[in-house]
Each structure stands twice: as C-alpha cells, then as structure tokens.
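See structure below.
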Amino acid sequence: MENWQKALRLLRKKEKDVHLTVNPELWELFRKACKKEGTTPNQKISELVLRYLEETGILDEYLK
C-alpha cells in the first residue's frame with residue numbers, strides 16, 4: 001500500500017473546509033467523473049493532494 005493511502009485512512013476523520021474556485025463546467029465534469037468512479041469530489045481531491053505530497057517527499061516526513 002502506498003503512503004498516500006495510509007495517510008488517507010489516518011486523516012479521513014480530520015477535515016477542514018476550504019474554498020476552491022473552479023470553472024463551473026470543469027467542476028461538473030469532475031463531479032460526474034467522480035460519480036462514475038464511485039467516489040465523491042471531496043474524496044478524490046484529498047487523494048490527489050496526498051499523492052502530490054507523496055511525490056514531493058513531504059508525506060514521508062509527516063508519517064515518520
């Protein structure tokens with residue numbers, strides 16, 4: 001299991017509201033893609049952020 005998947009489980013219950021400005025058409029496409037995949041936009045964005053943190057090496061520092 002990748003580190004981002006481990007961190008996602010650890011952080012699942014710790015959430016913070018954030019403001020996100022996205023083109024409405026892109027958001028609708030993203031929302032539909034998430035639904036088709038069986039996930040939610042919030043879950044997918046969290047996953048994308050964690051993957052990015054893993055790629056940059058910051059996640060490994062956090063999980064130590």
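The values are calculated or read from the model by the stated rules, or taken from the named source; none is laboratory data. Remember, it's a predicted structure, so these values are computed and weren't measured experimentally. Please note: Cβ atoms are built from the backbone with ideal geometry, for glycine as well, and neighbour counts cover all protein chains shown. Quick note on the areas: whole protein, heavy atoms, side chains included, nothing else; ligands and nucleic acids left out. Shrake-Rupley method; radii C 1.70, N 1.55, O 1.52, S 1.80 Å.
Simple spin-label estimate for residue 2 and residue 45 gives 2.0 nm between the two label positions (7 Å along the Cα-to-Cβ direction from each Cα).
Taking Cα atoms only, the orientation of helix 24-37 departs from the longest principal axis of the chain by about 60 degrees. Simple spin-label estimate for residue 35 and residue 20 gives 1.6 nm between the two label positions (7 Å along the Cα-to-Cβ direction from each Cα).
What's the carbon and sulfur percent of the chain's accessible surface, probe 1.4 angstrom, rounded to a whole number?
54 percent
Compared with the dominant principal axis of the Cα atoms in the chain, helix 41-56 is inclined by about 40°.
Per residue, the chain exposes 89 Å² of solvent-accessible protein surface, assessed with a 1.4 angstrom probe and all protein chains in place. No solvent, one uniform scatterer per C-alpha: report log10 I(q)/I(0) for the chain via the Debye equation at q = 0.19 1/Å, two decimals. Log10 I(q)/I(0), no solvent term: -0.82.
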